[in-house]
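Chemist: First the structure, then my questions, so here it is.
The values are calculated or read from the model by the stated rules, or taken from the named source; none is laboratory data. Predicted, not measured: the structure shown is a model, and the values here were computed from it. Here Cβ is always computed from backbone atoms with ideal geometry, including for glycine, and neighbour counts include all displayed protein chains.
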Amino acid sequence: MTTVEGLPQRLDAPEPGWTARADVVVVGSGIAGLTVALGARRAGLSVLLVTKTFLDAGSTRWAQGGIAAALAPDDSPEEHLDDTLVAGVGLCEEDAVRVLVTEGPRRVRELIDLGARLDRDAAGALSLTREGGHHRDRIVHAGGDATGLEVERALIAAVHADPEVEVVEHALVLDLLTTAGGRACGVTLHVIGEGIRDGVGAALGRAVVLATGGLGQVYASTTNPSVSTGDGVALALRAGAEVADLEFVQFHPTVLWLGEVSGGQQPLVSEAVRGEGAFLVDDEGVRFLQGVHPMADLAPRDVVAKAILRRMRETGTDHVWLDGRHFGEETWRRRFPTILASCREHGVDPVHDLIPVVPACHYASGGVLTDLEGRTSVEGLYACGEVACTGVHGANRLASNSLLEGLVFAARIADSFGGTSLPPQGEPAAETRPAGLLDRSARPPLQRAMSEGAGVLRSAASLAATAEALRTLAAGTGAARGIEAWEATNLLTVASALTLAARTRTETRGSHWREDHPERDDDTWRTHLVTTLTAGSLSTRPRPLRSPGRLG
């Protein structure tokens, strides 16, 4: 079982009616996209930044947790590396992690210099906290639990201050444009706007950078915003790029439970709440994480999510509880104002009440495979942030490493653009691939199938059922063009690739949990799984680690 057939090779869309040009085309406006855009400008390059809705509407703004970096006198990059390797359960690329932890502190300081207002203590030093999987206080926050919002504010202000960064909002990227020699030279995109740049157009550049964020909308419940439909991964697959480790989807352990009928984006209750001293209990008030892992409630996310689901199964309940009542009103207001407001909006007062929580799709550790400078297997195409697989996260992302990864590897891409490294602008070759499109009505059944069979709990039987449901959906034809149909088609491509990888990896490791293969198998599966799409057929194959880190 190594192939899936019948997927669209490109999206069915009108021919481009307009053309824009810049040295670098950046797709996405989270921490990764904004950072690479600003870095490209410092290299003297013109930038066209396209984003799906508004500049600040991606996943970064929703990040309640902070940015992990070895900034304290009693901390070190080596200790940060150790914690990351343990969380990644043997699949981290140590060279990538070493880049992350050694360059991370400098990139955080650059963010501060750019104007980001990070939390400080009474003496004026950065206020550092701890989250799951970390053995040191090394998480910086802003506004208590509004780090992503402050990071976005600072980066967007810097972009707005540079007239040479052209921003195109309400732009859904469709497909990659390549030269006759196969080098990326731009993208097609659909813009909802007025005037000449309306409808489908072409954005041409000497380099294309994908920073499109996650794929959380392949599941019925997720912490990801509605724009996270896996557009970058789907585009990369259709362009022939390699993607890796899609089976490792992290489910955040503590998402506010809103009832059985609730779906879509769900409110996150940050891991930082447990870092501050909150703990999980079941219906009987038992702290069930104690004895499961030495770090108990601060264990890595996959451990906590699995423990929650096991306890839910044992007790026949649909959620567990997070207890932070001992914080008191002042701590909740000072440290977690956003979470406090969100909980109260949904009828839960964490000052006095237990918080009902359940795991939900949160973060994709895999993505478009890159090297340490963000280069993909398609010449001229780069990727950074959640859409990329740099090798940092392995089988399970360590808390608060995601914003740091966006900073560090986006900056490395921009640094690689210095001098004369980019070739002249190429012209797109004539498109010969057949186009296809899924009907927009396929999205809800696709999400249900993924949640039921390819979520936290997986088995050969559940994944086979999911694959069959996806094949049935893929057989649908005659869809009308439009944003919802393009998104549904992207979701189908990503869901099919994810399910194929999950069926192939017959072990339990990190955030990939196979009930029929409950043990980790280092002899067979200490390897990446690389997936490609060729002539409408997905295939996956093992690829050895280039710099194996220590086993977690």
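Chemist: Just checking, does segment 152-163 include any residue being of a type outside the set (D, E, K, R), in contact (Cβ under 8 Å) with a residue 40 or more places away in the chain and buried (at least 24 other Cβ atoms within 10 Å of the Cβ)? First the steps, then the outcome.
Modeler: Kept after step one, since they are of a type outside the set (D, E, K, R), are these residues of segment 152-163: 154-161, 163.
With the extra rule that they be in contact (Cβ under 8 Å) with a residue 40 or more places away in the chain, the set shrinks to 154-159.
Adding the requirement that they be buried (at least 24 other Cβ atoms within 10 Å of the Cβ) leaves 155.
Yes, the conditions are met somewhere in segment 152-163.
Table: residues versus (1) outside the structural domain of ASN396 (by TED's automatic domain parsing); (2) more than 23 Å from the chain's Cα centre (by Cα); (3) of a type in the set (Lys, Arg); (4) at positive phi.
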position	(1), (2), (3), (4)
PRO444	yes, no, no, no
ALA449	yes, no, no, no
ARG458	yes, no, yes, no
GLU468	yes, yes, no, no
THR472	yes, yes, no, no
ALA479	yes, yes, no, no
GLY482	yes, yes, no, yes
LEU492	yes, no, no, no
ARG503	yes, no, yes, no
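Chemist: Do we have any residue at all in segment 303-312 that's more than 24 Å from GLY88 (Cβ to Cβ), assigned to a helix (DSSP H, G or I) and out of contact with any strand residue (DSSP E or B) (no Cβ under 8 Å at 6 or more places or on another chain)?
Modeler: Checking segment 303-312: not a single residue is more than 24 Å from GLY88 (Cβ to Cβ), assigned to a helix (DSSP H, G or I) and out of contact with any strand residue (DSSP E or B) (no Cβ under 8 Å at 6 or more places or on another chain).
Chemist: For segment 60-84, enumerate the residues that are within 30 Å of ALA203 (Cα to Cα) and either out of contact with any helix residue (DSSP H, G or I) (no Cβ under 7 Å at 6 or more places or on another chain) or not in a helix (DSSP H, G or I) (or both). Quick ask: steps written out before the conclusion?
Modeler: Narrowing segment 60-84 to residues within 30 Å of ALA203 (Cα to Cα): 60-63.
Scanning segment 60-84 gives a single hit, ALA63.
Chemist: Related question: Looking at segment 329-378, which of its residues are closer than 19 Å to LEU529 by Cβ, at pLDDT 95 or above and not in a loop (DSSP other than H, G, I, E, B)?
Modeler: ALA364, GLY367, VAL368, LEU369 - these are the residues of segment 329-378 that are closer than 19 Å to LEU529 by Cβ, at pLDDT 95 or above and not in a loop (DSSP other than H, G, I, E, B).
Chemist: Kindly establish whether GLY132 is part of a loop (DSSP other than H, G, I, E, B) and on the phi > 0 side of the Ramachandran plot.
Modeler: Judged against the criteria, GLY132 is not a match.
Chemist: If you don't mind, there's one more thing I want to ask. Hey, among ALA364, ALA411, ALA341, ALA399, which residue is free of Cβ contacts under 8 Å to residues at least 60 places away in the same chain and small (Gly, Ala, Ser)? Show your work before the answer.
Modeler: On the way: ALA364 fails: free of Cβ contacts under 8 Å to residues at least 60 places away in the same chain; ALA411 fails: free of Cβ contacts under 8 Å to residues at least 60 places away in the same chain; ALA399 fails: free of Cβ contacts under 8 Å to residues at least 60 places away in the same chain.
Of the residues listed, the single one that is free of Cβ contacts under 8 Å to residues at least 60 places away in the same chain and small (Gly, Ala, Ser) is ALA341.
Chemist: Kindly indicate whether any position in segment 101-113 is of a type in the set (Ser, Thr, Tyr) and surrounded by fewer than 21 Cβ atoms within 10 Å (Cβ to Cβ). Explain how you work it out, then say what you get.
Modeler: Residues of segment 101-113 that are of a type in the set (Ser, Thr, Tyr), as a first pass: 102.
Those still in the list that are surrounded by fewer than 21 Cβ atoms within 10 Å (Cβ to Cβ) too: 102.
Looking for residues that are of a type in the set (Ser, Thr, Tyr) and surrounded by fewer than 21 Cβ atoms within 10 Å (Cβ to Cβ), one finds at least one in segment 101-113, hence yes.
Chemist: From the list ALA68, ALA72, ALA40, pick out the single residue that is of a type in the set (A, V, I, L, M), more than 20 Å from ALA161 (Cα to Cα) and crowded, with 24+ Cβ neighbours inside 10 Å.
Modeler: ALA68
Chemist: Also, I was wondering about something else. Collect the residues in segment 1-57 that are assigned to a loop (DSSP other than H, G, I, E, B) and among the aliphatic types (A, V, I, L, M), keeping them in residue-number order.
Modeler: MET1, LEU7, ALA13, ALA43, LEU45, LEU55, ALA57
Chemist: Determine if segment 358-370 includes at least one residue that is touching a His at 6+ places or on another chain (Cβ under 8 Å) and of a type in the set (Val, Ile, Thr).
Modeler: Yes - at least one qualifying residue is present in segment 358-370.
Chemist: Please verify whether ALA122 is outside any helix (DSSP H, G or I) and within 14 Å of LEU407 (Cβ to Cβ), treating the condition exactly as stated.
Modeler: Details: outside any helix (DSSP H, G or I): yes; within 14 Å of LEU407 (Cβ to Cβ): no.
It is false that ALA122 is outside any helix (DSSP H, G or I) and within 14 Å of LEU407 (Cβ to Cβ).
Chemist: Just to be sure I understand, how many residues within segment 280-298 are outside any helix (DSSP H, G or I) and in contact with a Lys or Arg (Cβ under 8 Å, 6 or more places away or on another chain)?
Modeler: Residues meeting the conditions: 4.
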